[in-house]
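Encoded as structure tokens, the structure appears first; notes follow it.
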Amino acid sequence: MQSQLDAQAVSILNNNDRGGFTIPTARLYPYQWNWDSAFIALGLATIDRQRAWRELTMLIDGQTADGMIPSILFRNDNPDYFPGPSVWQTTASSLPTTGISQPPVLASMILTLVRRDQAEGLGQARLLFDAVLNWHRWYHRCRTPVGCPVVCTVHPWETGRDNSPDWALGLSSMQIDPDIGPYQRKDIEHADPSQRPSQEEYDKYLTIVKFGRDHNWDQATLTNQGPFLMADPGIHFILLRADRDLLELATLLHRFDAVPEIETWIETAIAGTDYLWNDRLKAFCARDVRSGQFANGFSNASPLCFYAGVGSEGQQRQTLDHLKRIRGLTKFGHPSWDPQAPRFDSQRYWCGPIWPQMNYLIATGLNEQGETELAARLRLDLRQLIELSGFYECFDPLTGSGCIGRDFSWTAALWLAWAS
Ligand code: 9WN
């Protein structure tokens, strides 16, 4: 069974190769995606290290002049995906791209590759270091709203957790721009609409895109005056961890010039972490920056405090209590949304399904904090989910059935690099 699944995982990564970069899955997501590529590189490194580094180098090709690495790189205009380059209309990169970013896992995945193979890895990491440093600078500079203690996000797509109930607060205070015009969604032609975001959510996603386009993708304007502004435990914890990993890379590469700046980011992020603590729920939650209100559920970003190595003893204990409580409610763990919270839906994308890459990050953090049993269960769960249902984008935590995209690259990559 194992070697058969290994072979299947390799063939998925090969079939999704588009000449040096790997798409998440055919038709539904036919371009290079930012955090997908970072996870994909982990899997590629187990079969072809050169290809793993090329994947990351090609991701950097989309970097904008001010340092952002966009969420999607449009190397062509593919009719299978909406919204494509003609809707985003960006000009800041040498490639057409989106005007928003994605969770910055790249530095951490580079460090993981370097640790696996220092001899070759350091040389490759040296070539990527300045691009990643500039991207982190961009996040700290352009996504920290005036007067806010943490880095925030301007679009649910930027968080990578698109229709998480976390974003309901920010979206509910937005008006749909009547000039987004008629458009045709493609996602619901390739996937079951009951597992995808609602039409109202799409209208609001496009309203934010229109705002960015109308403001020439000026990122300070988008952050401070855009229609949506929320603090995300996902981006906060992932960036804090990535800053720590970038610091380690700086030391390994003798880039001591970058150390003081990175250390300041880490100190600021640690000091800002309490901003995301929802004392009513006893968990780290998303927060609407303008109203100060917290989202009302434990997501799969909430336990990333372990991955970031942050939170008081009490906060970590209460986070563990949530993880254990939720584990008792589902057949497989850890779901993207608390089954006891409003809006849980076991098959609707980020409202319930299990996401392989999130569980990899959660388990990495739990392991590092000594919670090895919980971490091992997450890994075993992913193995069983893949054995049961195949290489899906995400999985129903109650039944284990696969949801949305099939033959999915990050699932195949994480099988090879972690779960098998
Ligand atoms: C929008 C590619 C991406 C992932 C995201 C996931 C989904 C895109 C979409 O697919 O988002 O970026 O069109 O639904 O939510 O995490 O990177 O796999």
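Sum -39500 (n - 2.57) across every DSSP H segment of at least 4 residues in the chain, then divide by the residue count to get the 222 nm mean residue ellipticity, nearest 500. Working shown, then result.
Details: 18 runs with 203 residues, N = 420.
That calculation yields -14500 deg cm²/dmol at 222 nm.
Give the calculated FRET efficiency between Thr372 and Val146 to the nearest 0.05, with a Förster radius of 41 Å applied to their Cβ-Cβ distance.
Computed FRET efficiency for Thr372 and Val146: 0.45.
For Thr57, project a label point 7 Å along Cα to C-beta. Then give me every residue of the stretch 21-50 with its amide nitrogen under 12 Å of that point.
21, 50
If r is the Cβ-Cβ distance from Asp17 to Asp279 and R0 is 30 Å, what FRET efficiency results, to the nearest 0.05?
Here the calculated transfer efficiency is 0.05.
Compute the distance from the alpha-carbon center of the stretch 10-40 to that of the stretch 213-270, in whole Å.
Each part reduced to its Cα centre gives a spacing of 26 Å.
Label the stretch 2-419 by shape, choosing from rounded, prolate and oblate, from the square roots a ≥ b ≥ c of the eigenvalues of the Cα gyration tensor; if a/c is under 1.5 it is rounded, and otherwise prolate applies when a/b is larger than b/c, oblate when it is not.
Rounded is the answer for the stretch 2-419, as its axis ratio a/c remains below 1.5.
Separation between the Ser291 and Glu248 pseudo-spin-labels, each 7 Å from Cα along Cα→Cβ, expressed in nm?
It works out to 4.0 nm between the two label points.
Can you list the residues, at least 5 places off or on another chain, whose amide H is less than 5 Å from the amide H of Leu229, using H built in the peptide plane?
Long-range HN contacts for Leu229: Val289.
Amide H of Cys403: which non-local residues (sequence gap of 5 or more, or other chain) have their own amide H closer than 5 Å, using H built in the peptide plane?
It is Glu393, Cys394, Phe395, Asp396, by chain and number.
Farthest toward the dipole's positive end in the stretch 200-256, which of Ile238, Gln219, Leu253, given Cβ charges of +1 (Lys, Arg) and -1 (Asp, Glu) about the Cα centre?
Leu253
Considering only DSSP states other than H, G, I, E and B, which trypsin sites (Lys or Arg not before Pro) in the stretch 158-229 qualify as loop sites with at most 15 other Cβ atoms within 10 Å?
Of the trypsin sites (Lys or Arg not before Pro), the ones in loops of the stretch 158-229 whose Cβ has at most 15 other Cβ atoms within 10 Å are Arg185.
What residue among Ala295, Ala41, Ala341 has the largest mean-square fluctuation in a Gaussian network model of the chain, using Cα springs under 10 Å?
Its mean-square fluctuation being the largest, the pick is Ala341.
Assign one of three labels to the stretch 34-177, namely rounded, prolate or oblate, based on the Cα gyration tensor with a ≥ b ≥ c the square roots of its eigenvalues; rounded applies when a/c is under 1.5, prolate when it is not and a/b is larger than b/c, and oblate otherwise.
Prolate, because a/c is 1.5 or more and a/b exceeds b/c.
Rounded to whole Hz and in sequence order, give me ³J(HN,Hα) for the stretch 216-225 from the Karplus expression 6.51 cos²θ - 1.76 cosθ + 1.60, θ = phi - 60°, writing x for Gly and Pro.
Once rounded to whole Hz, the list reads 6, 6, 6, 6, 5, 5, 4, 6, 8, 10.
State the extension gain, in nm to one decimal, for the chain segment bounded by Leu388 and Asp117, taking 0.36 nm per residue of separation less the distance between their alpha-carbons.
94.3 nm
Only four residue types carry charge here, +1 at the Cβ of Lys and Arg and -1 at the Cβ of Asp and Glu. Report the dipole size of the chain about the Cα centre in Debye, rounded to the nearest 20.
Dipole of the chain, to the nearest 20 debye: 420 debye.
So, in Å, what gap is there between the alpha-carbon centers of the stretch 89-165 and the stretch 298-335?
Between the Cα centres of the stretch 89-165 and the stretch 298-335 lies a distance of 24 Å.
Mean-square fluctuation check for the chain, GNM, Cα pairs under 10 Å: which of Gly170, Gly292, Gly20 is largest?
Highest fluctuation among the options: Gly292.
Note down the nm distance, to one decimal, between modelled labels 7 Å out along Cα→Cβ at Gln4 and at Ser312.
5.3
Only Cα pairs under 8 Å and at least 6 apart count here; give the relative contact order of the stretch 2-419 as a rounded whole percent.
18
Return the long-range amide H neighbours of Gln32 (sequence gap of 5 or more, or a different chain), with a cut-off of under 5 Å between placed amide H atoms.
Placed amide hydrogens put Leu73, Arg75 under 5 Å from Gln32.
Please list, in order, the residues from the stretch 378-419 whose amide nitrogen is less than 19 Å from a point placed 7 Å along the Cα→Cβ vector of Lys324.
Under 19 Å, as judged by backbone N against the label point of Lys324, lie 378-379 of the stretch 378-419.
Using the Karplus equation 6.51 cos²θ - 1.76 cosθ + 1.60 (θ = phi - 60°), what ³J(HN,Hα) coupling, rounded to whole Hz, does each residue of the stretch 260-268 give in order, writing x for Gly and Pro?
Couplings: x, 5, 5, 4, 5, 4, 5, 4, 5 Hz.
Residue by residue, what Karplus-based ³J(HN,Hα) values in Hz, rounded to whole numbers, does the stretch 4-14 have, using 6.51, -1.76 and 1.60 with θ = phi - 60° and x for Gly and Pro?
5, 5, 4, 5, 5, 4, 5, 6, 4, 5, 6
Under 15 Å between alpha carbons, and skipping anything fewer than 8 positions from Lys282 in its own chain: which aspartates and glutamates qualify?
Of all the aspartates and glutamates, those that pass the test against Lys282 - Cα under 15 Å, at least 8 places apart if same chain - are Asp274, Glu313, Asp321, Asp338.
Mind giving me the nanometre distance, one decimal, between the label points for Ser194 and His215, set 7 Å out from Cα along Cα→Cβ?
About 3.9 nm separates the two model spin labels.
Among rounded, prolate and oblate, which fits the stretch 22-83 when a ≥ b ≥ c are the square roots of the eigenvalues of its C-alpha gyration tensor, a/c under 1.5 means rounded, and a/b larger than b/c means prolate?
Oblate, since a/c reaches 1.5 and b/c is not below a/b.
Since every read-out is calculated from the coordinates, none of them should be taken as a lab result. Since we're looking at a predicted model, the values are computed, not measured. Here the Cβ is made from the backbone with ideal geometry for all residues, glycine too, and neighbour counts use every protein chain on show.
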